[in-house]
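Reviewing the structure listed below.
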Amino acid sequence: MCRFSIVVPVYQAEKYLEECICSILKQEKESWELILVDDGASDGSPEICDRYAGKYPQIKVLHQQNTGPLLARCRGFEKAKGTYLLSLDADDRLSEQALKRLDETLDQEDADILIFGYQRLDEDCKKKKQGYRLKNELYEGGQKTELFLELWEKNSFNLVWNKVFRTDFVRQRLRVPEELKKVKTGDDAVIVTPLLLQANKIRTISEILYEYRTVPESISRSFNRQKGQDVLLY
């Protein structure tokens, strides 16, 4: 069993996918697996996935017909062998110290969820935009309300990619209702909301460990009426 399972749903991501994968290959912490879920992409993404999986044994590829990011991510979670789950969007990057820093923190505090900061970048990753940094805190019981309010105000409550989840906690607590499996946007909320509410311990750290690329055409970067309805459905 490895320490971290990193799940990346892949759909029409050939422009940025290699950069995403390389950000994981550069990690100092070596106890990880990368699960690339090819969600029926019709561009060059499947070939990129297979090429890297053929070269690096820690990288695994799941090919499937298009189901949307929610079920693609959940399938990756089901196949994960790591103690902790980490999710990454195919057009984003992990900072080089991310896994090392997360590993050190989890050694000190075995939380159900660990939340870290992120930096927004423009499409070319040359210009920094607004980021988000948290306090170094442990939240339990009623203390979680304070954290939830902060995350909601900073538009970070529903983000799945700046959070690490204990794998056995996810498998015990995450149940996706059948009627929500068709959700195409707002999918992070379906995963994150029940886990945050059910977590006994949530740890936050101040480090910026995730680089979030602002890509206008990306489904995960857009917000529309349907996405709002998806969140309200839950």
Select one label from (i) 48, 41, 38; (ii) 61, 49, 37; (iii) 62, 41, 40: the one whose number is Cα extents along the principal axes in Å as derived from the coordinates shown. (i)
Solvent-accessible area per residue, Å², over the chain with all protein chains present [probe radius 1.4 Å]: 48
In terms of the charge dipole of the chain, which places +1 on Lys and Arg and -1 on Asp and Glu at the beta carbon, the residue among Leu25, Gln58, Thr204 farthest towards the positive end is Thr204
Separation in nanometres of the label points that stand 7 Å from Cα toward Cβ, at Glu178 and Glu123: 4.2
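Given charges of +1 on the Cβ of Lys and Arg and -1 on the Cβ of Asp and Glu, with all other atoms neutral, how large is the dipole of the chain about its Cα centre, in debye to the nearest 20? All intermediate terms of the calculation are to be shown ahead of the outcome.
Details: 37 positive and 39 negative charges, 52 e Å.
My answer is approximately 260 debye.
Counting only C-alpha contacts under 8 Å and six or more residues apart, can you give the relative contact order of the chain as a whole percent?
Numbers: 450 pairs, mean separation 57.9, N = 234.
It rounds to 25 percent for the chain.
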Helix-only [θ]222 nm of the chain, DSSP H runs n ≥ 4, -39500 (n - 2.57) each, per residue, nearest 500: -10000 deg cm²/dmol
Ranked order, Glu33, Glu146 - accessible area, probe 1.4 Å, largest first: Glu146, Glu33
For region 195-217 and region 17-34, write down the distance between their C-alpha centroids in whole Å. 18
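Using the structure shown, select from Lys128/Lys201; Lys79/Lys201; Lys29/Lys128; Lys100/Lys201; Lys81/Lys163 the pairs with a Cα to Cα distance greater than 29 angstrom.
Working: Lys128/Lys201 32 Å; Lys79/Lys201 25 Å; Lys29/Lys128 26 Å; Lys100/Lys201 21 Å; Lys81/Lys163 18 Å.
Violating the 29 Å Cα-Cα cut-off are Lys128/Lys201.
Rounded to a whole number, what % of the accessible area of region 9-127 do carbon and sulfur atoms account for, probe 1.4 Å?
On the way: 2230 of 5110 Å².
Looking at region 9-127 in its full context, I get 44 percent from C and S.
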Any idea how far apart Lys26 and Leu197 come out in nm if each label point goes 7 Å out from Cα toward Cβ? 3.9
Which whole-percent values make up P(r) of region 47-160 when all C-alpha to C-alpha distances are grouped in 5 Å steps starting at zero? 2, 7, 15, 19, 20, 18, 12, 5, 2, 0
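Please list Cys20, Cys2 from largest to smallest accessible area, probe radius 1.4 Å, with all protein chains kept in place. It would help to have the intermediate numbers written out before the result.
Details: Cys20 0, Cys2 25 Å².
So, going from the largest accessible area down, we get Cys2, Cys20.
The values are calculated or read from the model by the stated rules, or taken from the named source; none is laboratory data. Predicted model only: the values in this text are computed from it and were never measured. Ideal geometry is used to build each Cβ from the backbone, glycine not excepted, and the neighbour counts take in all protein chains shown. When the accessible area is computed, the model is the full protein with side chains, heavy atoms only, and any ligands, DNA or RNA have been set aside. Shrake-Rupley method; radii C 1.70, N 1.55, O 1.52, S 1.80 Å.
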